[in-house]
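Accompanying notes for the structure given below.
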Amino acid sequence: MWGPAVLFPSRRASPRPPAQIPHTPHDPAGPDARAPCDELLPAAAAGGAVTAHAHRSRWRRSRTLGSGTVVSLPFHHGGQRPLGARRTAGSIVSGDSPVDRPARAGGRDRTGMVDVDFRILGRPDVYHDGKCLDIGAPKQRVVLAALLLGTDQTLSADRLVESVWWHPPAAASANLRGYLAGLRRALRVPGERDSRLRTIRGGGYQLTVFPGELDLDRFQGLVDQGERALRAGRAAEAADRLERALQLWRGRALDGVACGPALQAKVTWLDERRLAVAEQWAQLQLDLGRPESVVTELRTLVAEHPLRERLWSYLMLALARSGRPGEALAAYADLRAVLAGELGTDPGPELRQLYQLILHGDDQALERDPAPIGAGRVDAGPARPPTGRVEPVAGPPRQLPAGADGFCGRTGELDRLFQLLSGAIGWGGPVVVAIDGLAGVGKSALAVAAARTCMDGFPDGQLYVDLQGASPGLQPLAPIEVLGRFLRTLGVRPVAVPDDEAEAAAMFRSLVAQRRVLVVLDDAASVAQVRPLLPAGPGCAALVTSRDVLLGLTEAVRVPLGVLSTEDAVDLLGHLIGPARVAEDPAAAQRIVALCGHLPLALRIAAARLVARPGLPIAALADRLEAAQHRLDELAVADLAVRASLELTHRGLAAQTRTAFRRLGLLRQREFPSWALAALLDVPLAPAERLLDDLVAANLVEPAGESRYRLHDLVRLYAQEQAAATEPAHARAAAIRRLVGAALALAERADARLSADFLGVSRHRLPRWSLPQVEAERLTAQPRDWFEREHAFLVAAVDDGLDLGATGLAGCLAASLTTFFQISNRFDDWRRVQTRALAAAQRAGDRRTALKLHRGLGELDTIQDRYADAIRHFEAARALSTAQEPEYEAAVTAGLGYLRRLRGEYGAALRHFGRARQLAAAHDNLNGLVYATSGIGVVHLERGQLAEAAAHFAECLRLSRQAGYLPGEAQALRCLGHVERASHAYDAAAAYLRAAQEISERLGDRLGAAHAGCWLGEMWVRQGRHAEARWLLARCLWVYRDYANAWGEAGTLWVLAVAQLAVGRPRAACRRAEQAVTVWRRIGSPYWLAIGLDTLAEAHEALGEGAPAERARHEAKELRDRLGGPLS
């Protein structure tokens, strides 16, 4: 007794640091005579001195002259002209000092240039000949400010939109064009031919500003002059220059202007810069014995910045030294009230100490300590070189920022960081730990939390700096600027801070060498930025965070940071919006967590939106996030935005890497193989993998196994946006077509290597993109493993191809997955993909592709015992077959032969199998030849013609072993086992079946192993090995049900009935036999239905139930008579 299981082994898938220009003969003023860079520069440390080195680069500007000529000239401080500069006809080739330009009469200065004054140190304005020009609408003033802060840069429309609006309206682009047109009219200065606002070819806008016309340039030039005087020991001159610089301010930066995120960061920096200069000026004036001169300015500043304690300390000291201690104490009371009301805290210890000194009238102490709150002392006296002396500070620095609100989870990472940082105490050198991860994943929060847990291990202080590696609107901080901050914090006088980076780094290392200091370097841009800032002492540690993997920082222990677990993400959401709100709808909370990709930044933004609308159900926000095309729009609030955060990382990529990232946005799957990018870019595998390494280093892509990678959901959405915005439609389509072609070429090769399909080699005769042969051979060397890794991606590639209209490529790819779908039990994917592809092929009139898909679906229906549907598919395929697809004609014909045999139509079955055998032999299709020959043998077997059956099976075994075709060998062994079984040679049958089972297990063919195991179980029953047999049969039944293989399930139930009869359990045998008969009756298998009825009759007889037994035997006889064979 045998069935389909006999035949089918597998019928079953801050700006950049300025350049250091050496002194040359063409630079008569020497290295100190350099004009300020007109780019916006990073903020000075709170209370830190204004350092000259931060803004000393020689600079060039394009000058729009009265004649329309554009020239590029170096300008220098102090009114120095470039060597050889002179006025020529029609053009001006030199001008006044940009720092200290005198007022001009008659609308033109002595060089003939129009007198224009651009102002941003206060309300943005433009003056011409002392008269304020009408700038127009408020938004035009914002655009003016953005252009002035980007002089000599071309600003794109997108950048200007970010400068004007936090949440741009739908008509933002149109509105911007109107504002620019208005500004262009307003900036048409009398006496000049063209407007100062120019549109640059290729896109973008630029404002022409001549030297000395922008108050920010004049401010910076005066500050630089003050710095040089201070280094030379000329304190009075330095104070004068700084005072003149401060007098240029007319209120807060961009006063009265509501700007967007790209501009707000620059506004913050400008205000911080002003305060740093004011504090240095105040310190100088106090050292020079001029306390009265600073009182008025300091009162103005504390009114504008009431929480800045250092300003209050200078004001109190100035009042006390001016003989006004009562007012100084009153100022302290004002500050205390402000802090209590705003922050619920008291002034710091340094201010409290100063208060006590004033309260007790300790004038001598006040004179000895003129620089409270850690400010460096500047000696006023004769010019002398800096001594490098370190001043004592009030206490060890404690610079760690407040921890993130609602820091949740990360227990494992915190424990590891604690162990690493704690090890610094006994380590031979400093410990360096580098945390890297995707934008918004919580690197900074983790670093601060870890640093706080380890504070006691670093009693000499904790230094912290935001390096601005990925800060909107800011350039990464230069190492020399950070070193200046650190050194001043550690007590080094501002005048003693070296200008040279190497010298400053050496001084920093020396200062901390004998201390236990923790340095937190947050948001690093590169290894070059970090390395000079690392401490050298054996008791020190550095904790670095970066979006990029800092590969060159070899001394660091890398801690890659992934997204939060579901539990931690839900906890974070609950902490931010309230646990009760999460408890009201936990399912919606889980949806939000999933749609935010477990990314802390996205969760905080979602929470902020919910907090702002306490009545909004969290399910409503989840519904809004469901729309993928708008998800990044929803994940933005105030200055937090997932899109903006990712954009900073994206902008930092090289051009080719950006292209690779955009092309990945075309993928349907978030997980993908490296060969997919090679196809999308039309390059070999090696360059594609190098680009993926770059994306991994930028934490935009994460490794996901051997040559596989993964995109975070939100990163994928951003990549999709970039692809849609920048890639032309034809380029996107060509990339997807190459991807589907590459998938087809690899799947076809792997399918041929599996060699499990009786179709033989799956040849698809159509052009497609493919990898070089060597690379394709390497990738598919283990075809089953390759299919297991890639199956989800391949299924998605079919859908991509169908969506594109590449029906032939996509349909052939779907057909190439048939064998894998069979052996891996992926029947749902099989039916969905091939059904959709077949419908597309029929709509397109693609007969050859439809043939292949009809054949695949016919196989699926056969496996799942839908015999009528299978016959319809095979007949449709035969009607479409052509001489160009002989393998498919043979496979379809053999499939019909199989189905006709199951239905007891032996004559038709022999004709179909004979035709299939002839086609397979004519085209050297070994798989098809073995299958058809075996099918003929099974017909003889079921007819009781054992000798003829054995001859055909022996031929199959010979052919399979000769070719190394293991699935065919396993099939032939099973069939020979059935011949021995029919002859009652149970030991020989068991040996054949066991050998077949072992081959199928080695191939990973669970269904083939079950086909052999089912009948091996029967042989064990015949041999009296009842317990082993029942255990084996239970395993086979589980496999058949897992594969939804009804025939195999019925066969196993029948063998179990035989087993129960053998041990004297007729009731259990009757139940199993009835189950088997029901299945065979449903699927229409008369041969096996008759055998099942015989066993059912035997069970009824054992129970003494004569009537049911007689009915079963009578039905079995009628079936045999109709089939016309012995059917034993």
Criterion violated by F874 - all others in (1) within 41 Å of the chain's Cα centre (by Cα); (2) of a type outside the set (A, V, I, L, M); (3) modelled with pLDDT of 90 or more; (4) under 25 Å from Y931 (Cα atoms) satisfied: (1)
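Rundown of residues vs (1) surrounded by fewer than 21 Cβ atoms within 10 Å (Cβ to Cβ); (2) modelled with pLDDT of 90 or more; (3) within 29 Å of L284 (Cβ to Cβ); (4) more than 23 Å from the chain's Cα centre (by Cα), yes/no style:
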residue: I435; (1), (2), (3), (4): no, yes, no, no
residue: V441; (1), (2), (3), (4): no, yes, no, no
residue: A496; (1), (2), (3), (4): yes, no, yes, yes
residue: S526; (1), (2), (3), (4): yes, yes, no, no
Given (1) within 23 Å of S645 (Cα to Cα); (2) in a helix (DSSP H, G or I); (3) assigned by TED's automatic domain parsing to the domain that holds F508, identify the lone condition not met by R531. (1)
Just to be sure I understand the filter: pairs with C-beta atoms under 8 Å, separated by 6 or more residues or on different chains, first member in segment 934-963 and outside the structural domain of P1086 (by TED's automatic domain parsing), second member basic (K, R). Which pairs pass? G935/R901; I936/R917; V938/R901; V939/R901; E942/R901
Residues in segment 345-357: is at least one in contact with a strand residue (DSSP E or B) (Cβ under 7 Å, 6 or more places away or on another chain), under 30 Å from R231 (Cβ atoms), surrounded by 12 or more Cβ atoms within 10 Å (Cβ to Cβ) and at pLDDT 65 or above? no
Checklist (1) surrounded by fewer than 18 Cβ atoms within 10 Å (Cβ to Cβ); (2) at pLDDT below 85; (3) outside any helix (DSSP H, G or I) applied to R250, failing item: (2)
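Name the helices (runs of 4 or more DSSP H) wholly inside segment 542-658 in which the number of residues that are within 22 Å of L717 (Cβ to Cβ) and among the charged types (D, E, K, R) is 1 or more. First the steps, then the outcome.
Details: elements: 566-577, 579-584, 586-595, 600-612, 618-626, 631-634, 642-651.
It comes to 586-595, 600-612, 618-626, 631-634, 642-651.
Residues are listed down the side, and each one gets a yes or a no for (1) farther than 19 Å from G251 by Cβ; (2) modelled with pLDDT of 85 or more; (3) part of a helix (DSSP H, G or I):
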| site | (1), (2), (3) |
| --- | --- |
| T296 | no, yes, yes |
| V302 | no, yes, yes |
| L311 | no, yes, yes |
| M316 | yes, yes, yes |
| L319 | yes, yes, yes |
| A328 | yes, yes, yes |
| Y332 | yes, yes, yes |
| G341 | yes, no, yes |
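Confirm whether A729 is over 17 Å from the mean Cα position of the chain (by Cα) and more than 13 Å from R658 (Cα to Cα).
Details: over 17 Å from the mean Cα position of the chain (by Cα): yes; more than 13 Å from R658 (Cα to Cα): yes.
Taking the combined requirement at face value, the residue satisfies it.
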Check on R509, closer than 23 Å to A434 by Cα and within 38 Å of the chain's Cα centre (by Cα): yes
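Does A951 satisfy being modelled with pLDDT of 95 or more, over 15 Å from Y906 (Cβ atoms), of a type outside the set (F, W, Y) and surrounded by fewer than 17 Cβ atoms within 10 Å (Cβ to Cβ)? Quick ask: steps written out before the conclusion?
Working: modelled with pLDDT of 95 or more: yes; over 15 Å from Y906 (Cβ atoms): yes; of a type outside the set (F, W, Y): yes; surrounded by fewer than 17 Cβ atoms within 10 Å (Cβ to Cβ): yes.
Yes.
Can you tell which of L511, L463, L474 is in the same structural domain as A542 (by TED's automatic domain parsing), part of a strand (DSSP E or B) and not hydroxyl-bearing (S, T, Y)?
On the way: L511 fails: part of a strand (DSSP E or B); L474 fails: part of a strand (DSSP E or B).
When all the criteria are applied, what remains is L463.
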Identity of the residue in segment 639-671, touching a strand residue (DSSP E or B) at 6+ places or on another chain (Cβ under 8 Å) and modelled with pLDDT under 95, that ends up surrounded by the most Cβ atoms within 10 Å (Cβ to Cβ): V642
G1124 vs (1) surrounded by 16 or more Cβ atoms within 10 Å (Cβ to Cβ); (2) at pLDDT below 90: all pass except (1)
What pairs come out if I take residues in segment 882-907 that are at pLDDT below 85 and part of a loop (DSSP other than H, G, I, E, B) and pair them with residues that are surrounded by 18 or more Cβ atoms within 10 Å (Cβ to Cβ) and of a type in the set (D, E) whose C-beta lies under 9 Å away, six or more apart or interchain? T882/E889; A883/E889; G904/E942
Within segment 942-966, the residues that are over 14 Å from G928 (Cα atoms) and either touching a Phe, Trp or Tyr at 6+ places or on another chain (Cβ under 9 Å) or among the charged types (D, E, K, R) (or both) are E942, R943, E948, R958, R961
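Only one residue in A1044, A1112 is modelled with pLDDT under 90 and aliphatic (A, V, I, L, M). Which one? Before the answer, list the steps.
Details: A1112 fails: modelled with pLDDT under 90.
Answer to the check: A1044.
Quick test for you: out of L183, L187, L248, pick the one residue that is among the aliphatic types (A, V, I, L, M) and within 24 Å of W281 (Cα to Cα).
Details: L183 fails: within 24 Å of W281 (Cα to Cα); L187 fails: within 24 Å of W281 (Cα to Cα).
It is L248.
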Residues in segment 582-608 that are surrounded by 20 or more Cβ atoms within 10 Å (Cβ to Cβ) and either more than 23 Å from G437 (Cα to Cα) or not aliphatic (A, V, I, L, M) (or both) total 7
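The values are calculated or read from the model by the stated rules, or taken from the named source; none is laboratory data. Every value quoted in this text rests on a predicted model; they were computed, and no experiment measured them. Note that we place each Cβ from the backbone using ideal geometry, even for glycine, and neighbour counts take in every protein chain shown.
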